[in-house]
There are 2 protein chains.
Amino acid sequence: MDSQLVQDLQDVAHILRIHSIQMTDVTGTGHPTSCSSIAEIISVLFFHAMKYSVKYPLHPSGDRFILSKGHAAPILYAAWAEAGLFDKKKLLTLRLIDSDLEGHPTPRLNFIDVATGSLGQGIGVAVGMAYDALKIAKDSYRVYCVLGDGECAEGSVWESLAFASFYNLHNFVAIVDINELGQSDYTCLRGDLDTYRKRWEAFGFQALVVDGHNVQELLSAFQSLRAQESKPGVILAHTKKGAFFPGIEGSPKWHGKALGSSSKSVIDHLLSLIKNRSIDPKSLLREDQFSAPTINTRLPQLSEPPQYDMGKEVATRFAAGCALKKLGDASNRIIVCDADVKNSTFTDMFKASFPARFIDCYIAEQVLVGVATGLSRRTGHIVFLSTFAAFLTRAFDQFRMAAISYSTFKVIGTHCGVSIGEDGGSQMGLEDLAMFRSLPNSVVLYPSDAVSAERAVELAAGLPCLVYVRTSRPSMRTIYPKGEVFEVGKSKICVKSPSDQILVIGGGVTLIEALDAAESLRSSNIHVRVMDIFSVKPIDKASIVENATECGNLILTVEDHYLEGGIGEAVSSCLSPFGMFVVHKVFVDSLPRSGKPRELLDMFDLSSAKIAQKIKDIFENKEKQ
Amino acid sequence: MDSQLVQDLQDVAHILRIHSIQMTDVTGTGHPTSCSSIAEIISVLFFHAMKYSVKYPLHPSGDRFILSKGHAAPILYAAWAEAGLFDKKKLLTLRLIDSDLEGHPTPRLNFIDVATGSLGQGIGVAVGMAYDALKIAKDSYRVYCVLGDGECAEGSVWESLAFASFYNLHNFVAIVDINELGQSDYTCLRGDLDTYRKRWEAFGFQALVVDGHNVQELLSAFQSLRAQESKPGVILAHTKKGAFFPGIEGSPKWHGKALGSSSKSVIDHLLSLIKNRSIDPKSLLREDQFSAPTINTRLPQLSEPPQYDMGKEVATRFAAGCALKKLGDASNRIIVCDADVKNSTFTDMFKASFPARFIDCYIAEQVLVGVATGLSRRTGHIVFLSTFAAFLTRAFDQFRMAAISYSTFKVIGTHCGVSIGEDGGSQMGLEDLAMFRSLPNSVVLYPSDAVSAERAVELAAGLPCLVYVRTSRPSMRTIYPKGEVFEVGKSKICVKSPSDQILVIGGGVTLIEALDAAESLRSSNIHVRVMDIFSVKPIDKASIVENATECGNLILTVEDHYLEGGIGEAVSSCLSPFGMFVVHKVFVDSLPRSGKPRELLDMFDLSSAKIAQKIKDIFENKEKQ
């Protein structure tokens, strides 16, 4: 081992510690002790082990670094500044409102792949990227992920490990910062390195236990893991929180606290430890040469238009599966992930044609979303994930963080609403619209027949944001001609006459039921205009206003979803500043149960007969508010 | 080993298989092959190993059984019918709309503790109950939980194992049905029993590998685990999906399919395997004697009223922590769970006084909610859980299932909105109202000062449903006198005059800002009525209508939350059938960032100055819709 290198990297570690202290003192907030425990790890990674470009931090062939313990952001920022990416003076803008050096990393910074800070999530993203390098991009880049020990209590971590070992991602290296301290207490396992090792080994990892403050041991460990190509690796680094901070090191009282009045003496001590005060960390870097990548940016379209005849009974989940296959035919940018329900979501059609671009994440929705998030940050990929709408709730926190990461993957949720039938409430997605609508910058599409379902998937592929496509289990008749054109933010008027008295807005099964209700009411001389909402977010406010106005300002929304956050609230919300539209709402108003789909639609007032009755009630002023 | 007993239990297993086939044939839906792989496990548990009462299935001292793989519900129902709880004929109502024998178990049935069917969740509930028996109720009951092997991919499972071993729950026994098949494929580990064993052992379990169709091995395993008191136990049962179904056993093509035309020949085969066709499974039962429990049903109140002087600056999260402590003083029914943030949620005050009734679940929000769900189903307990509002999204699926379980635990979310400041977007709860509003039968309270925060927690304790209390990080001035009375479903009018021109509705920080805005506008001769929403769900529709009417039908909502599913949509939604109220909305309209709380309030138009400007804009008709 090169003893000068060891000494230099140790010096750099202390320099990074000093930055972390000074940065968190700016606002008096942040986590300097959580930075200090990984100072040697960061120093060794950024100034020796990793192959990357300071000029092009997100280069497709550069090693990736994910800081899963996002609260240690200051030391990560300090490493990039010392590597020469930006002026070190900028470090002292940490957490200020006009600085992108936020409390936790976000991709507002040009060297951050994904936002972290909700613990246990970074590793899911990281294994997705490692999968890309090894199996899709077939590139030599490696993926490094630093986790906290407290963070390893999150189940999402273990989903990620199972994924990494099942797919044999030997280009993935996790580093666990075992400083024995969580936020409010010691961790469960404290310094029980043996149990850590057993757990990671049982999950298929090559595990190396090191002193996390020993540069030489870290260098050897990274080298040793690079040399093997059999398993993913983990470095279990025993560390001290606040390492080398006299009076603070190892104390449980110093989580998330700036050092303030203690800073000067600690910094003086750290300076005294630095052997070569004139060291320039940049001098340790070799600038890896990366050629400019060729990036496929062509937006894929369906290889052929929808082929369903009007009236044909098809499930929208099936049509969505067909669309994925057609997109795959048209473009190798498409990647599809599923969670062991590919024979229900019909992503198995994509898998059959493009096995190398299909990833089964098994029954583990958190890593499903993590992998999609990671893949979608790699150049050129257009990533879809699919499972039952209900089970997507398992990954709400991952979706929340994906939104903060400006992620662009697409989600297809199947089996929405009570119309799934006999399986019962636990399998019914009844809050999925509420969840996906709440994500900043999301688009939510809700196709009602096979033609619109294929087009919704195609539209999703072209959008530079997180998109949710809601699909249904039962077969429903095709209501649009093959050539019908759909747009994001645009609804469709399906039935219309000059004498319409009410605008009924539906989606999915409730649109079909609403159409039948409108038909049945014609004989009673009640004229109903029917709108297919299609784009739940952004909502087609202009058309709703125009059509509602033509229908005497009277609206009825009907949805196979709970009230809160659903279509009725979306419509009411967009009309609320007008103060002139009457919006009645039908929705799933209590806990559902098992039963036949039609019986359930009727039980929850979503069937054509119940919709027709509701409209009659409105007109007979029976409606109680 | 009693060979007659072994034979009898094997016969019972086949009888349960036959029921499962016949039951799923009624609607032609369901999972008979998933039932068959656990037939011997169920037989041994229900007709020998478990101590329970058929008369009182939920008796506080009876062993608990949680079917985490809820899709095997038919065989569970069949076991209870054969045990004599209800008429076997009723089994043939499976999945019919008027039957409580649903596709997946729910507590509509008097022998089901909690709903299962979203995989990986039952075990979290089960370890919560095991904790109760061992540490709180100090009762001798044991907890058994059957999981599928595919299900073990869920991270929530590993959170539960870490919890069980950390708290040394030796009264807990997991049984993993390793039939090697998920829904759409073989599982990752297939029949790699050695890796299963290593994983469970590494997570602190006593692991026994058995042939899951060998009654004798199962009997020995349950006996051996009962005899030890050092660790939680797991039986890793190697099984076959569709075991003893000729032509179906072990096939990957038979997940979730009724046998239909194959049923007769399979049933004939099973009948041929039964040695004693006249066996009555009930004869194997001893009716365990349980005395009628004494149940504390007294609703606790704060041991003393809130003690904050008007104007005093206090964070609502702190007041909520104080309230928990006061409730604990008043009643031993209160249990508090936290996720390693007790020094931020201030549940550490409760812990200091009542360590035996405080449970730290560490950084694992899924098991946090699972444990609360389990505990809240045990007699007499009133269970609170607390963590950052943002991180509650990690457990949305658990909350969803808790709602289907009619759970009654209470959730305190802290650190809502941009007002947390420098930590940035990943730590801000901005979709928590959307999430908790969407749960059926939930109550959502949002206190705006310390007095109302204490009362919100007290109200929550008394409600027989799932309650969410939203609290804030910054200190805010106390605006209510100590004796103020709060009610669920009731808002408060804080500022009012006969000449009010607009009703501003706020909550938390935005209420305080709205009050300041109203004050500042008085000099401009603009009269603003200010409402504290307090009860977001149920919403105080009557008061909103009455006050808005008195304010010229003009409303402005201001909230530290995203638009979708928040207060503005809740207000718009409840007024939508009137068609006469104009509702303007201010909310967090884009991704937030790090900054000082006041800077962020201003950036997102939530500060008093921005609210005042917004009101002026409305009156000057500058407002674009």
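Is one or more of the residues making up the range B:584-593 closer than 19 Å to B:Ala389 by Cα, among the small types (Gly, Ala, Ser) and in the same structural domain as B:Gln501 (by the TED database)?
Looking for residues that are closer than 19 Å to B:Ala389 by Cα, among the small types (Gly, Ala, Ser) and in the same structural domain as B:Gln501 (by the TED database), one finds at least one in the range B:584-593, hence yes.
Every residue in the range A:198-254 that is open to solvent by 40 Å² or more (accessible area, probe 1.4 Å), within 14 Å of chain B (Cβ to nearest Cβ) and under 29 Å from the mean Cα position of the chain (by Cα), please.
Matches in the range A:198-254: A:Glu201, A:Lys231.
Take B:Leu9 and decide whether it is in the same structural domain as B:Glu102 (by the TED database) and under 19 Å from B:Asn110 (Cα atoms).
Here the answer is no, as B:Leu9 does not meet what is asked.
Identify the residue in the range A:255-278 that is farther than 25 Å from A:Leu218 by Cβ and either of a type in the set (Lys, Arg) or modelled with pLDDT under 95 (or both) and, among all such residues, is nearest to the chain's Cα centre (by Cα).
Per the stated criteria, the residue is A:Lys257.
Report every pair of residues separated by at least 6 positions or lying on different chains whose Cβ atoms are under 9 Å apart, first residue within the range A:402-416 and farther than 21 Å from A:Met476 by Cα, second of a type in the set (D, E, K, R) and open to solvent by 10 Å² or more (accessible area, probe 1.4 Å).
If the second residue must be of a type in the set (D, E, K, R) and open to solvent by 10 Å² or more (accessible area, probe 1.4 Å), the pairs left are A:Ser405/A:Arg377; A:Tyr406/A:Arg108; A:Ser407/A:Arg377; A:Thr408/A:Arg377.
Do we find that A:Glu546 is within 32 Å of the chain's Cα centre (by Cα) and within 14 Å of chain B (Cβ to nearest Cβ) in this structure?
The answer is no for A:Glu546.
Looking at (1) out of contact with any helix residue (DSSP H, G or I) (no Cβ under 9 Å at 6 or more places or on another chain); (2) more than 27 Å from A:Glu422 (Cβ to Cβ), can you tell me which one A:Glu599 breaks?
Looking at each condition in turn, A:Glu599 falls short on (2).
If I ask for residues that are within 8 Å of chain A (Cβ to nearest Cβ) and either crowded, with 24+ Cβ neighbours inside 10 Å or in contact with a Pro (Cβ under 8 Å, 6 or more places away or on another chain) (or both), which ones from the range B:102-123 would you list?
Passing the criteria: B:Glu102, B:Gly103, B:His104, B:Thr106, B:Ala115, B:Thr116, B:Gly117, B:Ser118, B:Leu119, B:Gly120.
So which pairs qualify, if the first residue must be in the range B:377-396 and outside the structural domain of B:Gly328 (by the TED database) and in contact (Cβ under 8 Å) with a residue 60 or more places away in the chain, the second must be outside any loop (DSSP other than H, G, I, E, B) and among the basic types (Lys, Arg), the Cβ gap must be under 6 Å, and the two must be at least 6 apart or on different chains?
Listed by first residue and then by second, the contacts come to nothing, as the list is empty.
Please work out if B:Leu76 is open to solvent by less than 10 Å² (accessible area, probe 1.4 Å) and either in contact with a strand residue (DSSP E or B) (Cβ under 6 Å, 6 or more places away or on another chain) or assigned to a loop (DSSP other than H, G, I, E, B) (or both).
Taking the combined requirement at face value, the residue satisfies it.
Using beta carbons and a limit of 7 Å, which pairs, at least six apart or on different chains, have the first residue in the range A:111-129 and without any contact (Cβ under 8 Å) to a residue 40 or more places away in the chain and the second one assigned to a loop (DSSP other than H, G, I, E, B)?
Pairs found: A:Ile112/A:Pro105; A:Ile112/A:Thr106.
Would you confirm, using the coordinates I've provided, whether B:Cys574 is hydrophobic (A, V, I, L, M, F, W, C) and either crowded, with 24+ Cβ neighbours inside 10 Å or closer than 17 Å to B:Asp500 by Cβ (or both)?
Spelling it out, it is not the case that B:Cys574 is hydrophobic (A, V, I, L, M, F, W, C) and either crowded, with 24+ Cβ neighbours inside 10 Å or closer than 17 Å to B:Asp500 by Cβ (or both).
Read through the list (1) open to solvent by 10 Å² or more (accessible area, probe 1.4 Å); (2) closer than 26 Å to A:Thr297 by Cα; (3) more than 9 Å from every other protein chain (Cβ to nearest Cβ); (4) not hydroxyl-bearing (Ser, Thr, Tyr), then give the number of the only condition that A:Asn441 fails.
The single condition A:Asn441 does not satisfy is (3).
Can you tell me which residue within the range B:148-175, out of those that are aliphatic (A, V, I, L, M) and within 11 Å of chain A (Cβ to nearest Cβ), is surrounded by the most Cβ atoms within 10 Å (Cβ to Cβ)?
So the residue we want is B:Val157.
Are there any pairs, at least 6 apart or on different chains, whose C-beta atoms fall under 8 Å, with the first in the range B:82-97 and more than 14 Å from chain A (Cβ to nearest Cβ) and open to solvent by less than 10 Å² (accessible area, probe 1.4 Å) and the second in a loop (DSSP other than H, G, I, E, B) and of a type in the set (Val, Ile, Thr), and if so, which?
B:Ala83/B:Val54
Can you name the helices (runs of 4 or more DSSP H) wholly within the range A:332-415 that have at least 3 residues being open to solvent by less than 10 Å² (accessible area, probe 1.4 Å) and of a type in the set (A, V, I, L, M)?
A:365-376, A:389-392, A:396-404
Within the set of pairs 6 or more residues apart or between chains, which connect a residue that is facing chain A (nearest Cβ under 7 Å) and part of a helix (DSSP H, G or I) inside the range B:572-597 to a residue that is aliphatic (A, V, I, L, M) and open to solvent by less than 20 Å² (accessible area, probe 1.4 Å) with Cβ atoms less than 6 Å apart?
B:Ser572/B:Val583
Could you say whether any residue in the range B:553-562 is among the polar types (S, T, N, Q) and within 17 Å of B:Gly417 (Cα to Cα)?
yes
Of everything in the range B:449-482 that's of a type in the set (S, T, N, Q) and in a loop (DSSP other than H, G, I, E, B), which residue is surrounded by the most Cβ atoms within 10 Å (Cβ to Cβ)?
B:Ser472
Take the residues in the range B:545-568 that are open to solvent by less than 10 Å² (accessible area, probe 1.4 Å) and in a loop (DSSP other than H, G, I, E, B); name whichever of them is farthest from B:Leu433 (Cα to Cα).
B:Cys551
Could you tell me which of the residues A:Asp589, A:Asp617, A:Asp605 is acidic (Asp, Glu) and touching a strand residue (DSSP E or B) at 6+ places or on another chain (Cβ under 6 Å)?
Of A:Asp589, A:Asp617, A:Asp605, the one residue that is acidic (Asp, Glu) and touching a strand residue (DSSP E or B) at 6+ places or on another chain (Cβ under 6 Å) is A:Asp605.
Return the residue satisfying two criteria in turn: it lies in the range A:404-434 and is within 17 Å of B:Gly425 (Cα to Cα) and in contact with a Lys or Arg (Cβ under 9 Å, 6 or more places away or on another chain), and of such residues it is farthest from the other protein chains (Cβ to nearest Cβ).
Out of the qualifying residues, it is A:Ser407.
If you scan the range B:97-146, which residues turn out to be part of a loop (DSSP other than H, G, I, E, B) and among the acidic types (Asp, Glu)?
B:Asp98, B:Asp100, B:Glu102, B:Asp113, B:Asp139
Go through the range B:278-304 and report how many residues are open to solvent by 80 Å² or more (accessible area, probe 1.4 Å) and among the charged types (D, E, K, R).
The number of residues fulfilling the criteria is 4.
Working only within the range A:442-488, note down all residues that are within 20 Å of A:Ala389 (Cβ to Cβ) and without any contact (Cβ under 8 Å) to a residue 40 or more places away in the chain.
Within the range A:442-488, A:Leu459 is the sole residue that qualifies.
Testing B:Tyr186 on (1) closer than 30 Å to A:Asp348 by Cβ; (2) buried (at least 17 other Cβ atoms within 10 Å of the Cβ); (3) touching a residue at least 60 places away in the same chain (Cβ under 8 Å), one condition comes back false. Which one is that?
Failed condition: (2).
Residue check: is A:His527 without any contact (Cβ under 8 Å) to a residue 60 or more places away in the chain, buried (at least 17 other Cβ atoms within 10 Å of the Cβ) and either away from chain B (no Cβ under 14 Å) or of a type in the set (Phe, Trp, Tyr) (or both)?
The answer is yes for A:His527.
The values are calculated or read from the model by the stated rules, or taken from the named source; none is laboratory data. These figures come from a predicted structure and were not determined experimentally. Please note: Cβ atoms are built from the backbone with ideal geometry, for glycine as well, and neighbour counts cover all protein chains shown. Ligands, DNA and RNA are stripped out before the accessible areas are found, and what is left, the full protein with its side chains, is counted by its heavy atoms. Shrake-Rupley method; radii C 1.70, N 1.55, O 1.52, S 1.80 Å.
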